[in-house]
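Below is one structure, written out as structure tokens; comments come after it.
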Amino acid sequence: MSYFLQQLLNGLSQGSIYALIALGYTMVYGVLRFINFAHGDVYMVGAFVGLFFAQYAQELFPAISSYDGYTLPVIGIALVVLLLSMAVCALLGISIEWLVYRPLRNRPRLTVLITAIGVSIFLENITQFIVGAEPKYF
């Protein structure tokens with residue numbers, strides 16, 4: 001029974017991530033009328049930023065990160081990491097909009113589509129250059 005509950009929780013969390021990304025794609029397409037292929041890559045950058053903020057918080061507060069039954073500080077640190085990751089993703093999205101997509105508003109749709117693919121490839125490559133290609137576990 002424990003295995004079933006764990007897999008149910010895994011499926012719900014993975015499905016929630018898929019639903020969040022799909023909702024983001026739908027909202028961007030509904031407002032801007034183009035598919036932003038860099039949308040998932042902004043989520044990826046947010047996950048890595050959260051990972052590094054969490055590692056930094058573990059170095060800053062080693063007694064809390066060992067989890068001695070203090071749930072409030074651990075939840076507080078997790079909330080701060082989540083909010084910082086969200087802020088970095090928001091700033092990245094705004095800067096991509098201002099620097100890349102806004103100058104292309106009156107261009108043909110194919111130009112914007114190719115640019116969105118280029119931004120996606122750029123984010124993937126720059127993240128791989130900074131973080132490395134080996135898997136990271138959060």
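How large is Rg/Rh for the stretch 1-124, to two decimals, with Cα atoms and a Kirkwood Rh? That ratio equals 1.09.
Per-residue surface analysis assigns PHE122 an accessible area of about 130 Å², computed on protein heavy atoms at 1.4 Å probe radius. Of the heavy-atom accessible surface of the chain (probe 1.4 angstrom), what whole percent is carbon and sulfur? Accessible surface attributable to carbon and sulfur in the chain totals 72 percent.
Please work out the C-alpha center-to-center distance from the stretch 13-36 to the stretch 70-138 and express it in whole Å. One Cα centre to the other: 14 Å.
Multiplying the residue separation of ARG109 and ARG33 by 0.36 nm and subtracting their alpha-carbon distance yields 26.5 nm. What the Kirkwood sum gives for the stretch 1-65 is a hydrodynamic radius of 14.5 Å, with every pair of different alpha carbons counted. With contacts taken as Cα pairs under 8 Å at a separation of at least 6 residues, the chain carries a relative contact order of 32 percent. One quarter of the surface of the convex hull around the alpha-carbon atoms of the stretch 82-124 equals 3.2 nm², the direction-averaged projected area.
The values are calculated or read from the model by the stated rules, or taken from the named source; none is laboratory data. Just so we're clear, the structure is a prediction, and the values are computed from it rather than from any experiment. Remember, those area values only see protein heavy atoms, side chains included, never the ligands or the DNA or RNA. Shrake-Rupley method; radii C 1.70, N 1.55, O 1.52, S 1.80 Å.
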